[in-house]
């Protein structure tokens, strides 16, 4: 089959487009999916660069020792070659012996957080395209429980923009218990997770304050943000201290202290990213004197992905596809992604 092998940690030269990759076969509890679209995410690039490794420092890593030994979501070495791609929409074309043949022909979205593989439960969970092969290929195999049937007029490309970003955003909002009429501040608001979080927060009836670049302010307002701050603004100075119920932070970096200052006593801070820097300054007095809850949100709660599929089928959220690329131009897609000039998602087509 056609696909892209990641052959090691490093630059885009580690991505090999090939047409001779063996087609996977479905195990007893699995389904084989023909991929129709696969979204591009920060995690693809972070994994390639070994960014998740706490030993990495600022330099790209190579090989499987030292800085790359803990360079996956789970902190285990990545096995090469690996087919990445955590966002998948496609059609089931074959099933394992333990799965009803009635599933053949279903259009599905693949849950990116996997709690079963090879017929065995996983603890901690795996992530598609990291601990196992993902969607940057013509076919992918997953446990049947993680292939969610979807009934929607949207195209495969549009549907492929949802799984990782929107489930991450939904998980953040569920974990931080955002409710109607509460105020939520969302950093990195123009990216895949940020733009999803705006829609999902507005769907809940919350008031959204977004942080993005001035050039993207109008696009973010169109998604439902009530107020837009520049990345250079200090939220506590602009909004006032103790003025926000929830912070959804995808940026971290130097702005982190002000994000806690802006939270009300008893407020909740949730994060699933650190694109401005992973190491931050924390005044522990702010944390305990304000009774704040700090939440890291990666593994999906069981109810998150089924809820997302329901939202899509009901038309309560919409896809935001900025641009598409054919699979063989994956290096161009990742380069475009890293410029951060887009709003929403980039999607690979097959």
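Against the criterion of being in the same structural domain as residue 211 (by TED's automatic domain parsing), outside any helix (DSSP H, G or I), in contact (Cβ under 8 Å) with a residue 60 or more places away in the chain and more than 19 Å from the chain's Cα centre (by Cα), residue 245 qualifies. Against the condition touching a helix residue (DSSP H, G or I) at 6+ places or on another chain (Cβ under 7 Å), buried (at least 17 other Cβ atoms within 10 Å of the Cβ) and part of a helix (DSSP H, G or I), how does residue 259 come out, does it pass? Criteria met by residue 259. Among the residues of this structure, residue 266 counts as one that is more than 22 Å from the chain's Cα centre (by Cα) and in a strand (DSSP E or B).
If you go through region 287-298 one residue at a time, do you hit one that is at pLDDT 95 or above, under 24 Å from residue 44 (Cα atoms) and part of a loop (DSSP other than H, G, I, E, B)? Checking region 287-298: at least one residue is at pLDDT 95 or above, under 24 Å from residue 44 (Cα atoms) and part of a loop (DSSP other than H, G, I, E, B).
Conditions (1) modelled with pLDDT under 95; (2) more than 25 Å from residue 317 (Cα to Cα); (3) under 19 Å from the mean Cα position of the chain (by Cα), marked per residue:
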position	(1), (2), (3)
95	no, yes, no
98	no, yes, no
112	no, no, yes
118	yes, yes, no
128	no, no, yes
142	no, yes, yes
153	no, no, no
159	no, no, yes
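Is it the case that region 302-324 has a residue that's closer than 23 Å to residue 74 by Cβ, in a loop (DSSP other than H, G, I, E, B) and not assigned by TED's automatic domain parsing to the domain that holds residue 83? Taking every residue of region 302-324 in turn, at least one turns out to be closer than 23 Å to residue 74 by Cβ, in a loop (DSSP other than H, G, I, E, B) and not assigned by TED's automatic domain parsing to the domain that holds residue 83.
Only residues that are out of contact with any strand residue (DSSP E or B) (no Cβ under 6 Å at 6 or more places or on another chain), in a helix (DSSP H, G or I) and crowded, with 18+ Cβ neighbours inside 10 Å were counted across region 203-222, and they come to 2. Looking only at residues that are surrounded by fewer than 20 Cβ atoms within 10 Å (Cβ to Cβ) and touching a helix residue (DSSP H, G or I) at 6+ places or on another chain (Cβ under 9 Å) in region 116-143, which one is nearest to residue 298 (Cα to Cα)? Residue satisfying both the conditions and the ranking: 116. If you go through region 211-222 and pick out every residue that is under 21 Å from residue 39 (Cβ atoms) and touching a helix residue (DSSP H, G or I) at 6+ places or on another chain (Cβ under 8 Å), you end up with 2.
The values are calculated or read from the model by the stated rules, or taken from the named source; none is laboratory data. From a predicted model like this one, the values you see are computed outputs, not experimental measurements. A quick note on method: Cβ atoms are made from the backbone with ideal geometry, for glycine too, and the neighbour counts reach across all protein chains shown.
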